Each structure stands twice: as structure tokens, then as C-alpha cells.
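Novice: Structure provided below as C-alpha cells; questions to follow.
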Amino acid sequence: METGFLQEQKVLEGDLNSENSHQNSVDFLMNWFRKQSIFVLAYGTGCGAIEMPPTFTSRYDAERLGIRGAATPRQADVIIVSGYCSYKTLRRIIRTYEQMSNPKYLLALGSCTVNGGMYWDSYNTIKKLEDYLPVDMYVNGCMPRPESILEGFIALQKEIGEGKASSWQKYEENYEFYRKNQEAVLGKKVEPSYEADWYLYEGGL
Amino acid sequence: MFSEIKNRFATDDVEVKRKGLYKVVVKHERLFALIVMLKEMYDYKTLNTITCTDWIEEGHFALTYIMTTLKRNETFMLQTMILREEAHTKSLSYLFKQAQIMERDLHEMYGIKFEGNENLKELSLENWVHTPPLRREFDTLEFVNNHLTFRDGRDDNIDTKAESKRLRAIKKAEKEAAKKAKESKKAEDVQ
Amino acid sequence: MILFDLLFMLLVAYITGFLYYGLYRNITARFQRRLGPPVWQSFLDSIKFFSKEESISHGWMFYLGPVIMMSGAIMTLFFIPLFHTGESFKGLSSYGNLFLVLYLLVLGALGNALAVGASGNPFGVMGVTRGLSRLFALELPFYISVIALISVSGSADIVCIAASQTEWNAFAYPLLFIAALFSFVGMMGQAPFDVVGAPVEVYSGPASEFSGKFLALLMSQSAIFTFAKLVLMVHLFLGGASGFVELLAKSFGLFLFVIAFGAMYGRFKTPQSIDFLLKVPTSIAIVGLILATWS
Amino acid sequence: MEFSLYGLSDIVLSLKVTALANFFALLIVLSTLTVLFIAPNYRLKRSFYLLFTLLVASLFLIVYAHDYLLFFIGWEVMSISTYFLLSFTLSKEALHKYILFAMASALSLFVAILLLYSTQHSFLYEDAKQSYLAMSDGVQQLFTLFMLIAIFIKLGTIGFHYWLVDAYEESHNLFTPFLSAMLSKMGLYALILFVANITQATYVLAVMGLLTTIIATFKAIEQESIKRLLAYSSIAQLGYIVTVLSVADGMGGALYHALIHTLVKLLLFINIAGVIYVTQKEKLSDLGGLIYKLPQSFVFLLIGIIVLAGMPPLGGFASKFMIYTALLDAKYLLLLAGVMFSSASAFIYVYKLIYGIYLGHPTHKNLEEVKEVPWTFLAPQYLLASLLVIIGTFPGLVIPYINRILGELNLTLLSFETIQTLITSYAQYNGFVVMGAFGGIFVLVLMMFMLLRSKAKKPKNRFDIAYCAEEPNEATHLHYGYSMGQELKRVGLIHLIAKNSSKYFYDFLAKQMQYFSEVVRKIYSGNLLLNFNIAVLFLIILLLWSLK
């Protein structure tokens, strides 16, 4: 009997294999479109980002599956948390995630998002991403190769197509839970406090 | 130069680590005079970095200023000790601009106060309220256990070192058994 | 009858525009030695954005911006005839002229600029600033070429210009064509004049703040607008079109050229592109103008 | 009405009602009424209104005069009363600039009129052509030079605009609309009289007009003060008119554009006056984000800039179209390209204007508390904006009136079919269809857009923008687009325009003048011996010269 992550991944994948999906034809059609076209937020939040360029460029060409990059959170469907997630990054990820428009999905990359990975005893890195943000799909490995990332995307597409990838609803329903966890590591003020002094310098803009 | 440093700053001998790499330990109050002298008279125009070592047993921090001259390709390490309790020293940012960010880092990680540095806000942490994390009294593991939740399943994780040792032993035993079997077979064949 | 005509033109532009856009992505992918998305991918993208559950609006001007842009694109389409022969599919072109179309080409961009300004996103405004700074330099060679054509053909009516070509204007006045092509590459938002959107560099340029249905509308308008601009170029320089096959063949040829051009070059900075456009294509266009109207 | 001055029976003066005069008189009435509408918002001395009345009267005198002497009198009264009106708010330097240029303008006009009078002994407009033809070639050129200098100074074409920008920027907000809409139009009126009655001066006007439009447009792009930006835009717009007057059939386009320009500049300056009235700020960098505070003003400024940029479907396009086809007709193709270039560049300053004031983020705390401008500001804007929309929809509406003027001036008439269409020899367009199509498409798209499944959500905070995962706050510098066009300075050609200024020329002139007067002062120093010596020297030279 597997414990921990392996078990949870089984549960996640178990959903994929079940056939009992209830969606009307309009939803079915829309989910089909959503599944066919996935815009990924092109932010690298950790070391795993190094595997993303080959995934999206000529070598592995994710665009053939309808997966392409988006520069702003407003236009993205999927945010990839690529690897270890320090408090400072987490703050930005939360902010970005909240700026994305529904429906939105979260793909977590690498062992660090699963259980802290090699940073399991780091004072500055969270261990379990799903405590702070809802995760649709984990792709494990350190680092996962582009093939596994694509596999993760295909699994996510399947979930979207069946209308089961509904983490954004989960986030809205259990907002207090997530908020509590976020505040526990980030302090009371979750939004980043920010001073843009580089704007004022000459030559910038 | 070395004798002058020794005489004027009453230090030990300048230690020559290897060719072009020197180290000297100076008293804290004479450090800045020495830095100025090195910069102005001996062309040590570059401040590479400022490092800190936490000697918790002796109750002080060892601050090391590493300076380089490109003219002769020589590097000078100036070490000084400051007390751990309410650690503070003067800022070097009026001499070297880059010192500001180095000091910001040290302030954040060790809690050393640099008088004269105007920009001592946090560098890579945000809203950190606990002990500065690189001080040795800060117990990382304890902090993690207190503040963060682990995923279940880490409890049964195995010591990889021991495990690999065990596996290697098993493999070795198997190999030897196979070898033995082979040899006995050979012996039988011969017979 | 005219309503039917207009509706049909819109449909043709919508479908062809998306098809072209899909082909653009596919062909660019081939240039980069990869498979690329299916041809209908852009259409799927736009429908996906329409089906998003929500999108962010920053007030009424922001809301109206994409609508103005779409109206501008459809207006441009309607005032350019599909064919220069026959009676049908002329749209509203008999009520307008080339000068009107030249101004309609920028109407949508102005609406968008207002919306981006209203959103308050500095990155969007940065894109708009770059776009407007580049605009006049982009238009100058095109204006000169168009003026020469109007003067030669004796009319500012697009149908007349298309019909008056015994041989294609592109071959009769090659310098004008070359100059106009430089501008056209920029108008299509292709490298080396693609500093406006400049993905990766300025977030997403003017589109930074648009999401969901706003973005979907922008994508649809871009498809329609692309087709309208291609048809305009076909009528001005490539001898016009008298049937669907001819129109599609000519416009696709032009489109292919623009794609290939864009795939080959890097990006100019804003001042660089202005400088280049004010020097090289403008000089070519002036020489072309003098040669064309010397007699 | 003809009369002669008492005791000077050979000088015939004349006042006459002509279509051209009526056209400009109409503009004066319109400007005066709209400007007086906003007057109750300001507390001004009574003398201001007295001078204002004097000014309007002088304008009427200029317009209805039918001889150059009365015209000159009107011109002088206008200049002087404007001087006193400007003196309420202008700084000393700007005021000096104004009066110097106004005097130069008046003097050269006076010289030109006297030259005209010297041949046929008549000031009447009808005799001007003959008087001009009777001159010798050199005198003709001299006359043209003086006349054009007088006109160009009032118009503020490039090189002569030195006084104008400062005067516009610093004049009272109540007076600026009138200054821009009417006073520069008087220069235009003089130019039209000159072109129609005397001589075309083709090349001078073409070159001057083109340079004016292009340089003024790029100068406008650089400005940070709203009124200064609009002043340069005003110069650029007049540049179009000067350009089109250089061709034979350009009068129609010029009159059309004069009308549109008057309307739109009144609209813009009144709008700006309203904004300044409620915010007390005049710089683009100090404003921003007012769209939701002053929505009506925003819409009017939007209409204004659409017209200013010459966008269809509003009135601005009609006049631009007339100008373009007139230039095309005369085969001035490169001139046309230059004018269209300048028109396309105008988009930058036009967007900069609306962005800096209304879009983006508020730059000051107190901008978040302002309220919509008083109705006295809005009412004239309603009138002007609806006029511009009507002209855009029915561009042929004013053609009969322009034709009456053209007929009077013995020029080719514009073709006119219906009020919805504008027809020129190269093309035609139907304003009603354009407006209708745009409106229809807009409404249809909007309705379909609103019915979509996807809902639009409004963020609670204006700082909720996609900002690279950071959250900006009050201290963040978000409103920076008002400085757009700065990167243009890195382009060689435009840098040349931005760097240079007519200031250097006039500084040089002033310095030379100083040297000269220094020499005079030294000679005429009160030292009798020196003066005596010089006089003797002079006499000897005179003697030698006469002996030869």
C-alpha cells in the first residue's frame, strides 16, 4: 500500500479513469474548446522553469497540442508552479493566480511542490503547495523532463474535457482555509507590498 | 607594505596564503583606516565581497572584507572580529557603493547593524520577524517543524545512505553466490 | 440585398482571416522546424476566450475599446470591395474612397489606445506609445505610394484603381510596391516592425489588460482586419480580383511573403524602426513617385 | 457703403457686406457667444469686458472693411486691445514678445498698404489687383514680402510663432479659446484676401505651410503643458490651410478647414478651461485618471481630438478630405504626402492630450475628489460638439455657403449634390452612410458583446492591474504616458526639430540690434567735438561723391 504522495496521485488519476461525468451539451462543447486551447503563463517560479523552454520550443513543440505561452495572467488559463516555492515567490504566485480569470488551472512541477523535495528542511520554502493554492495536476520528478510535462498537460486536458478540473471552484469555496494557510507563512498582509522606485529613474521609461 | 601594515596597525604578520592572496587580522577600530590605506595607496580599488562567519562558541562574528587590485592581480582579505551581542559596525558604503547591498545581505542574514547605511531593508526575505536565519542559534529543522506542515509519507522515508549500503551488500552477496554456484558447476562439469 | 452582401463579406473575412492566422502560426512553426498547431487553432483560441467564465473590465471606456476596434475593422472591410468587377460584394465602397479607408485603418487602433489608457496598465500604455510613435513613420511610405497610384489612375476610388491596371501596379511601379510592402509588413505587426506587441519584452503590449471576451473580440477583429488589409493591397497593387479563387490566391501569396519576411528578421527598437522607415522606404517611395508621375 | 474722410476726398473708404465677410462674422459671433458662456465662472475686472468688446468690434471692422485702410485700422485696434487683454495674466517677457511682433506685423502691413496705394491711389479691394500689376517686379516682391510677414506673424506660421505659444499658454483661460479661434483667423482672413485679390504666391505658401504643419506637430508632441500643446496644434492646423491656399482650387478646403478648426479649437480650449477650473492644474504630468470624475468632459474632448486628428466619421475628416483632394488636383503629390504625414503624426499629441488628462491614474490625491465641471462649461461644448457631429454626418451642408463665397471671389465652385455627400474631382464620400454604418455596426457589436456568456467583472481597486505579479500602490509611478514621444528624440530628423527653436534666431537678432545701438550710442554721445568731426567727414564724402 502506497502512502503519502503516491496515494494522492492515485486519487487524482483515479478521477481521470472514471466515466461518470455529468455535463450538458453546451458545457461539453465549451470544455472541448477549453481543452483544445491552453494558454500557459510564461513565468518561471523556480528552477523547474528551465525545462519549460524546450517544452514550448522546437524540440518538443507543445504548440501542436494547442498549448502556448501567454505573457500576462489576464490571458492565461494555466499557471505552472515550477519547482521550489519560497515565501517571496508564493506571495507573487498567489497574486498572479488571483488575477487570472476563471476557469483557471494550476500545474505543479517537481518534487518540491509535492513535499518540499530537497528543500524539505529549508526555513524559507513551503512544503505542500496544495495547502496554499488548489492544484490540478502534479508532475513529479526532480526535474521532470519535457516529456513528463507534456504528459501532465495531456492528463490535464483530459480532465478539462470531462469538466473535472475545477480547482478554481475549490479555491473559491474553501477560501478561508487557503487564506488561513497563506497568512500563516506570509503574515497578515498577503498582497505584496511594493515600491516601484525603478520607474522613476531616468532612462527607464 | 606588509611591514607598514604591521607597524602602523599593530597586527600580526600578513599571512601569504599563496602568491597574490594575503590575509590579515586587524582590530575592529583600525579596520577602516586600513581599508582606506589599501584603497588609496595600494590600488585596492575593488571590494569583492564582505563575508561573515559565526563563531558562536567564542561569541563573535568574523567579518572578512575581500579587496582586489587589478593592477597587480592581488587579493587582500581583511578579517576583523565583532561581538555577537548587538553586533554592529560602521558602513563602508561611503567608500564603495557596492558595499551597500552586501551589508544589506549581512544585516538580513546575521542581524549585524551597519551604521551609516541608509538602505538596510530586507533583501531576499519579506516580513521576516524571527531570528536572522544564518545565525547559528537559529535551528532550521525546529523552525520548519513548528511553522510548516509536511506531507504524510515522509515518516517512513528511509535513510538513503544505509539503504544503499544494504542494497549493495545484498547485490554483492548475490553476485558472490552466483559466482560460487558457477564455480561449483564448473567443478562438477570438470568432474 | 446589400445587407446580405455585407453579411457575406463579414463571414468570408471572419473565416478566411482565422484560416490565414492559423496558417501563419503553422507556417512560422515550419520555419522553426516544428510541427505547429492545427490550422484552426486560432479559431479554437478565440472561442475558448469567449467561453471564459469572466473577464476583467476597468470601466466603460475599457469596455467600449474592443467594440470600437471591432467596429473599425468591420468598417474597413465594408469600405473595401471584395472584387473590382461585377456588381456584388462591393460592400459600401461606392460611398467611400481610399482616403476614408486610410483613416479607417487607424480608427480601431485609436479606440484600443483609449481602452488601454483607461485600464491604467503602464505596460499597455507603453505598447500604445510605441505603436503611435511608430505609426506615422509606418504610414509615410504607404501614403506616398498610394498618392502616386491615385494620381496615376486619376481616381481615389478603390474599384477604379483596381480596374485601371493593365499590368499589375506591382510590376508597373515596382519601387512604389516595395516601399508599400515595408509599411504593410509593419501594419500586419510582423518583424522587424513588431515592437508594439513585443511579447516577452513589454508583458503583452497593448493587450496586457484584456482578458476573456475582450481578448476574444480583439482576436476576431484582428482576423477580419488582416483580411481587409490584404484585400486592400491586392486591389492597389496586384491587379485586383474578379473571383474568390483569384482573391484568395493573391492575398495568400502576399500573406505568405509577409510571414516569411517576419520569420526571417529580428525586432527593431522603436527609434530604429522609425529611423529606418523614414530613410529607406520613404526614399524608395519618393523615387517611385517621381518615376511614376514624371510625364 | 462707400464714404470718404472729411477733407480727404481722394481717399475712398468702403464698408461692404460680402459672403466671405459674413462667413467670418458668423465665426466671430459663434466664438464670442461660446466664450462669454464660460465667463461667469471667473471674476474679472470690468475693463476686461470693455477691452473684449473693443476687440470684437475691431474684428467686425476688419471683416466688413472693404478697403485696406479701414482694414489696417481694425488690425491695429485688434492688436492693441489684445495686448491689454493679455496683460492681465501674461508675464512681462511674453507680453514684450507679443507687442514686438504685433508692432512688426502692423508696420509691415502698413508698408505693404502704402506700396499698394502708391501706384493707383486707391485702398479699395477691387483696385488691389490693378495696383499690384502696375508695380515693377522688385516692388511686387517687396510688397508680397511685407504683406506675408504681416500675415504670417498673426497666423503664427513657423518662424513667426515665437510670440504665439507663450501668449496662448499664459493668457487667461477665458481668453485662450477666443485667441485661438478668432485672432489667428484674422490672419487667415487677410491671407485669403491676399490670395484671392492679389496674387497666389504659390511656392512661398506651399513651403511655409508644409514646414509649419510638420514642425509644429512635432513640437506639439514634446510639450507637457496642455495649453502649449494645443497652441502648437493650432499652428499646425493653420499650416494645413496655408498649404492648401497655395493651390488654385484650395480656397474651398481652406474655408472648410477654417470653420472646422474654429469649432474644434473652441471646443478643446473650453474643455481644457473646464478641467483647469476644477483641478487648478495645467500640466499633463499633474493630471490623469479624470475620466470617471468628468465623464461628459471626457466625451467632448474625445470628439474634439477625433476631429482634430481628422478621423471619420466626424467633421474633421471632411475638411481634411477637401484639402487632400485639392492638393491632389494640383498634382502637388509630395506636398500632399507631407501633409498626410503630419496629420498621421498628430495622433501622438492627440492621444497624449486625452491620456494625460483623462486616462491612466490620478497623480494627485485631490484629483480623486473633483466633480464634473459646471454646466456653463458644458453647454457651449454641447453646442460645438453637436455642430461637429452634424457636419460629419452631412458634410455637404456647408458647401452651398462656401460656393457663394467662391462665386464672389470668381473661383471654381465646388460640386454639390446632396448634403450627405462631399464630391471632389477625385473621389466622393457619403458622410451619412459612414456615420450610419459606424453607428449601426457599433451598436450591433456592442449588443452581441453584452449578450455573451462571459461576464465582465470590475476590480474593486484601481491598482488591480496586471503588473508583473506585483501590487502597485499610491507611490508607484503609473501615469507616465503623458511623456510619450520622448523616444522620437532619438530619431535624427525629429531630434533636429526638437533641438532647434526660433528662439536662437531672435536672440541672435536681438544681440545684433544691441551691438548696432551700441555703435549709435558711441557716435551720438553728446561729445561735440566728435560729432563735429563726423559731420565734417560726412560732408567731405558728400562733396566728393557729388563731384564725381
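Novice: Is there a simple number for the mean count of other chain Cβ atoms within 10 Å of the Cβ of residues in C:60-69, and what is it?
Specialist: Average per residue, whole number: 4.
Novice: Now for a separate question. List the residues, sorted by chain then number, that are 5 or more residues from A:Gly69 or on another chain and whose placed amide H is less than 5 Å from its amide H.
Specialist: A:Val40
Novice: Accessible area per residue of segment D:327-448 at 1.4 Å probe, in Å²?
Specialist: Computed with neighbouring chains in place, this is 39 Å² per residue.
Novice: Just tell me which lysines come within less than 24 Å, Cα to Cα, of D:Lys458; anything on the same chain fewer than 8 places away is out.
Specialist: A:Lys104, A:Lys170, A:Lys189, C:Lys48, C:Lys52, C:Lys213, D:Lys293, D:Lys365, D:Lys371
Novice: Report the B-A buried area as the accessible area lost on both sides summed, probe 1.4 Å, in Å² to the nearest 100.
Specialist: It comes to approximately 2000 Å² buried between B and A.
Novice: List the DSSP H helices in chain C whose Cα atoms stretch 24 Å or more along the helix axis and whose mean Kyte-Doolittle hydropathy is at least 1.6.
Specialist: What comes out of the filter, once short or polar helices are dropped, is C:98-119, C:244-264.
Novice: In peptide C:216-229, how many Cβ atoms from other protein chains are near each Cβ within 10 Å, on average?
Specialist: Mean shielding count: 1.
Novice: Okay, moving on. Rounded, prolate or oblate for segment A:23-186? Axes are the square roots of the Cα gyration tensor eigenvalues, ordered a ≥ b ≥ c, and the cut-off for rounded is a/c under 1.5.
Specialist: oblate
Novice: Of chain C, which part is the longest with no GluC sites (Glu not before Pro) in a loop (DSSP not H, G, I, E, B) and with at most 14 other C-beta atoms within 10 angstrom?
Specialist: Segment C:168-295 is the longest.
Novice: Going by alpha carbons, how many degrees (0 to 90, nearest 10) lie between the helix axis of D:68-86 and the longest principal axis of chain D?
Specialist: 60
Novice: Can you tell me the relative contact order of chain C? Whole percent, Cα pairs under 8 Å, sequence separation 6 or more.
Specialist: Rounded, it is 29 percent for chain C.
Novice: Compute the relative contact order of chain D as a whole-number percentage, counting only Cα pairs closer than 8 Å that sit 6 or more residues apart in sequence.
Specialist: Relative contact order, chain D: 13 percent.
Novice: With n ≥ 4 as the cut-off for DSSP H runs, can you work out [θ] at 222 nm for chain D, using -39500 (n - 2.57) per run divided by the number of residues, rounded to the nearest 500?
Specialist: That calculation yields -22000 deg cm²/dmol at 222 nm.
Novice: Only helical DSSP H runs with n ≥ 4 go in: add -39500 (n - 2.57) per run for chain C, normalise by residue count and round the 222 nm mean residue ellipticity to 500 deg cm²/dmol.
Specialist: It lands at -24000 deg cm²/dmol.
Novice: Filter the cross-link list D:Lys265/D:Lys499; B:Lys23/B:Lys45; A:Lys127/D:Lys460; C:Lys229/D:Lys331; B:Lys23/B:Lys71 down to pairs whose alpha-carbon distance in this structure exceeds 21 Å.
Specialist: D:Lys265/D:Lys499; A:Lys127/D:Lys460; C:Lys229/D:Lys331
Novice: Evaluate the relative contact order of chain B (contact order divided by residue number), counting alpha-carbon pairs under 8 angstrom at least 6 apart; express in whole percent.
Specialist: 13
Novice: Compute the Cα gyration tensor for segment D:501-547, then decide on rounded, prolate or oblate, letting a ≥ b ≥ c be the square roots of its eigenvalues: rounded whenever a/c is under 1.5, prolate when a/b is larger than b/c in the other cases, and oblate in all that remain.
Specialist: Since a/c reaches 1.5 but b/c is at least a/b, the shape of segment D:501-547 is classed as oblate.
Novice: Collect residues whose amide H, placed 1.01 Å from N in the peptide plane, falls under 5 Å from the amide H of C:Glu54; neighbours closer than 5 in sequence don't count.
Specialist: A:Asn102, D:Lys455
Novice: Can you give me the angle between helix D:137-155 and the longest principal axis of chain D, using Cα atoms only, in degrees from 0 to 90, rounded to the nearest 10?
Specialist: 40
Novice: Moving to a separate point now. Once Lys and Arg get +1 and Asp and Glu get -1 on their Cβ, which of D:Gly209, D:His477, D:Asn430 lies farthest toward the positive end of the dipole of chain D?
Specialist: D:His477
Novice: Could you tell me which trypsin sites (Lys or Arg not before Pro) in segment A:47-128 are loop residues by DSSP with no more than 14 other beta carbons within 10 angstrom of their beta carbon?
Specialist: Sites meeting the loop and neighbour criteria: A:Arg59.
Novice: May I ask you to list the lysines whose Cα is less than 16 Å away from that of B:Lys172, ignoring any residue fewer than eight positions away on the same chain?
Specialist: By straight Cα distance, B:Lys172 reaches B:Lys180, B:Lys182.
Novice: Amide H of B:Leu21: which non-local residues (sequence gap of 5 or more, or other chain) have their own amide H closer than 5 Å, using H built in the peptide plane?
Specialist: B:Thr75
Novice: Quick check: the distance between the Cα centres of segment D:281-308 and segment C:1-76, to the nearest angstrom?
Specialist: After rounding, the separation between the Cα centres reads 31 Å.
Novice: Also, I was wondering about something else. Please identify every one of the trypsin sites (Lys or Arg not before Pro) in segment D:359-422 that sits in a loop by DSSP and has no more than 14 other beta carbons within 10 Å of its own beta carbon.
Specialist: D:Lys371
Novice: In deg cm²/dmol, rounded to 500, what helix-only [θ] at 222 nm does chain B give when every DSSP H run of at least 4 residues adds -39500 (n - 2.57) and the total is split over its residues?
Specialist: Taken over chain B, the calculation gives -12500 deg cm²/dmol.
Novice: Nothing charged except the Cβ atoms of Lys and Arg (+1) and of Asp and Glu (-1): what's the magnitude of the dipole of the protein assembly as shown about its Cα centre? Round to the nearest 20 debye.
Specialist: Charge dipole of the protein assembly as shown: 1500 debye, to the nearest 20.
Novice: So which aspartates and glutamates can B:Lys27 reach, going by Cα to Cα under 12 Å and dropping same-chain residues fewer than 8 places off?
Specialist: B:Asp12
Novice: What is the total of Lys pairs in segment D:1-199 with C-alpha atoms under 29 Å apart, excluding same-chain pairs fewer than 8 positions apart?
Specialist: Qualifying lysine pairs in segment D:1-199: 14.
Novice: For segment D:451-494, run through the GluC sites (Glu not before Pro) and keep only the ones in DSSP coil with at most 14 other Cβ atoms within 10 Å of their Cβ.
Specialist: The qualifying sites are D:Glu474.
Novice: Please give the helix B:28-41 orientation as an angle from the longest Cα principal axis of chain B, in degrees from 0 to 90, rounded to the nearest 10.
Specialist: It is inclined by approximately 80 degrees.
Novice: Same structure, new question: Taking both sides together, what accessible area is buried at the A/C interface, probe 1.4 Å, expressed in Å² and rounded to the nearest 100?
Specialist: In total, this chain pair buries about 2600 Å².
Novice: Now for a separate question. If you roll a 1.4 Å probe over the protein assembly as shown with all protein chains in place, what percent of the accessible area is carbon or sulfur?
Specialist: Heavy-atom surface of the protein assembly as shown belonging to carbon and sulfur, 1.4 Å probe: 61 percent.
The values are calculated or read from the model by the stated rules, or taken from the named source; none is laboratory data. Everything numeric in this text was worked out from a predicted model, so none of it was measured. Heads up, the Cβs are rebuilt from the backbone with ideal geometry, glycines too, and the neighbour counts pull from every protein chain shown. Heads up: the accessible areas ignore ligands, DNA and RNA and are worked out on the full protein's heavy atoms, side chains in. Shrake-Rupley method; radii C 1.70, N 1.55, O 1.52, S 1.80 Å.
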